[in-house]
Amino acid sequence: MTARTAAWLRPAVLGLAILLVTIAHVRTPVASQAQHDILVRLYYLPIALGGLWFGLRGGLGAAGLITLVYLPHVVAVDHGAMTLGYLLEVPVFLVVGVLIGLNVDRQDHHRRGLEIQAETLARSHRELQEQTRLLLEKEAQLRRADRLSALGQLSAGLAHEIRNPLGAIKGAVEILQDDYAPGHPKAEFYAILLKEVERLNDVLTNFLTFARPVTPHLAPVDLRDVLTALEGLISGQARAHRVQIFTTFHAGPSRIMADATLVKQAFLNIMLNAVEAMPDGGDLAISTRLPAAGGPGARPEWAEVVFDDTGPGIQEEDVGRIFDPFFTTKVDGTGLGLAITHRIIENHRGTIRVMSQWGKGTTFVVTLPLEGAIRV
Ligand SMILES: Nc1ncnc2c1ncn2[C@@H]1O[C@H](COP(=O)(O)OP(=O)(O)O)[C@@H](O)[C@H]1O
Ligand SMILES: [Mg+2]
């Protein structure tokens, strides 16, 4: 039943009930007292229903209407000794109508009060949840910033001190290496020395990038070009891990305002992690897309790059920490890759988020502003 049908159905039922009882009443001979008594009592039915359905308005309305049709009949027709009794029924109609109606109104009022309270409570709960989320987010940012500044001071000083002697060691090893022919057993040790010096140098470079972040030099860059170049760059390593890389690009605008070198570094860190996470092979799907813009015809302002791997995923308790500097689960990891990536993306006014379930792979989504996007 629709609300509209219900709106006229109930008054109609009340009117009909009153009409039927009244017709029966008028047509009953005065002598049939028992029938009269029953019919008078039947009037309480519409009065009660009126009160239940429409509160005081309905109870009093039904009682009033009944009084209007009942009173003339009692007065006009001589009921003999019963007249006074029938007349006294009228105030009882009214009192019953008022009492039922008032009671129902009071209950309605109470229920509405409870509903408002429940709604307010639900709203407060939602607000509290949102505040808690923001607070946790801020706390994570603060923790990251804290580590960044401590790390910045420490590494800037140390890295410089270590880099120069490292350069000297590398030069010396290269000279010493010449003393042995490539097949000589000792040549192998020099190769190890050089490789490890290179590795130390890489770690230092990472620290320095972190300690003194470069200001991005923005220029229009096509996301497709960046990702295609990276796919080529990483293909050797991917092949060694039996990782297949798939790329899918959206049609439409894909130029972003970015520092190409930095964005490449940010993406590369994500891709290397994915490859490293799948030592026994797997898939890395890289795709770009335009998130739904605000309304039809609106120009998209953002482009999203999605990196989706079929690796082992990230443990639930680690998901919130992977962007923290020094967080690593690898024996030889520095834990700086994603921290650097996070900062680069933030400096480009973009966002990065991760979705991962242990055993079900990992997805990173990077959002970057498109060239010419209007933002406040
Ligand atoms: N695609 C991925 N799959 C599983 N774990 C990942 C992935 N990407 C990042 N991680 C986790 O995040 C950690 C931090 O990554 P990162 O900052 O690049 O440091 P590192 O690679 O030196 O460990 C990794 O040690 C790994 O545990
Ligand atoms: Mg890494």
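No value in this document is a laboratory result; all are computed from the given coordinates. Since this is a predicted model, take the numbers as computed values, not measurements. Because the Cβ atoms are built from the backbone with ideal geometry, glycine has one as well, and the counts that use them run over all protein chains shown.
What is the calculated FRET efficiency for L19 to E115, with r their C-beta to C-beta distance and R₀ = 30 Å, to the nearest 0.05? It comes out at approximately 0.25. If you model the range 3-122 as an ellipsoid using its alpha carbon gyration tensor, with each semi-axis the square root of five times an eigenvalue, the axes come out at 35, 15, 9 Å, biggest first.
Tell me the angle of helix 337-347 to the major Cα principal axis of the chain, expressed in degrees between 0 and 90 and rounded to the nearest ten. So the inclination is approximately 60 degrees. Listing Y190, Y43 from fewest to most neighbouring C-beta atoms within 10 Å gives Y190, Y43. For GluC sites (Glu not before Pro), the sites in the range 255-345 that DSSP calls loop and that have at most 10 other Cβ atoms within 10 Å are E316, E317. Each Lys and Arg Cβ is given +1 and each Asp and Glu Cβ -1; about its Cα centre, the range 3-122 then shows a dipole of about 240 debye. Straight-line cross-link partners of K186 among the lysines, defined as a Cα under 18 Å from its Cα and at least 8 positions apart when in the same chain: K170, K195. As I understand it, the value is the acute angle between the Cα axis of helix 185-211 and the longest principal axis of the Cα atoms of the chain; what does it come to in degrees, rounded to 10? It works out to around 40 degrees. Here the contact order of the chain, divided by its residue count and restricted to Cα pairs under 8 Å and six or more residues apart, works out to 11 percent. Sorting 52-62, 24-34 by their mean Cβ neighbour count within 10 Å, with the most densely packed peptide first, gives 52-62, 24-34. Charges were assigned to the Cβ only: +1 to each Lys and Arg, -1 to each Asp and Glu. The resulting dipole of the chain about its Cα centre is roughly 1200 debye. With a ≥ b ≥ c taken as the square roots of the eigenvalues of the C-alpha gyration tensor of the range 156-250, please select rounded if a/c is under 1.5 and otherwise prolate if a/b is larger than b/c or oblate if it is not? In terms of gyration-tensor shape, oblate.
Across the chain, the volume of the C-alpha convex hull divided among the residues equals 235 Å³ per residue. Taking the average, over residues, of other Cβ atoms within 10 Å as the packing measure, peptides 106-113, 91-98, 360-367 rank 360-367, 91-98, 106-113 from highest down.
Kindly state, to the nearest 0.05, the FRET efficiency for Q237 paired with L158, given R0 = 35 Å and r defined as their beta-carbon distance. Efficiency computed from Cβ-Cβ geometry: 0.75. Contact order for the range 219-369, expressed relative to its length and based on alpha carbon pairs under 8 Å spaced 6+ residues apart, stands at 24 percent. Placing unit charges on the Cβ atoms of the charged side chains and taking the dipole of the chain about its Cα centre, the candidate lying farthest along the positive direction among V95, W358, P182 is V95.
On full extension, the segment bounded by L88 and R10 gains 25.3 nm, given 0.36 nm per residue less the C-alpha separation. Say R0 is 56 Å: what FRET efficiency, to the nearest 0.05, do E346 and R106 get from their beta-carbon distance? Efficiency computed from Cβ-Cβ geometry: 0.45.
In the chain, the DSSP-assigned H stretches of four residues or longer account for a calculated mean residue ellipticity at 222 nm of -22500 deg cm²/dmol, using -39500 (n - 2.57) per stretch and the full residue count as denominator. The GNM of the chain, with springs linking C-alpha atoms under 10 angstrom apart, assigns the highest mean-square fluctuation among T328, T288, T132 to T132. Restricting the trypsin sites (Lys or Arg not before Pro) of the range 213-252 to loop positions (DSSP other than H, G, I, E, B) with no more than 14 neighbouring Cβ atoms within 10 Å leaves R242. Think of the chain as a dipole: +1 on every Lys or Arg Cβ, -1 on every Asp or Glu Cβ, centred on the Cα centre; then among V74, G282, L39, V74 lies furthest on the positive end.
Each residue, D283 and L176, gets one label point 7 Å from its Cα in the Cβ direction; the gap between the two is 5.0 nm. Apply the Debye scattering formula to the range 102-220, with a single equal point scatterer on each alpha-carbon and no solvent, then give log10 I(q)/I(0) at q = 0.18 Å⁻¹. Log10 of I(q)/I(0), two decimals: -1.00.
Spin-label pair V331-L128: with each label point 7 Å from Cα along the Cα-Cβ axis, the two points sit 4.8 nm from one another.
Think of the chain as having a plus end and a minus end, set by charges on the Cβ of Lys, Arg, Asp and Glu; of P369, L84, S235, L84 sits farthest toward the positive end of this dipole.
Against the chain, whose longest principal axis comes from its Cα atoms, helix 44-76 is set at around 10 degrees. Considering the range 219-369, its Cα convex hull presents a mean projected area of 9.1 nm².
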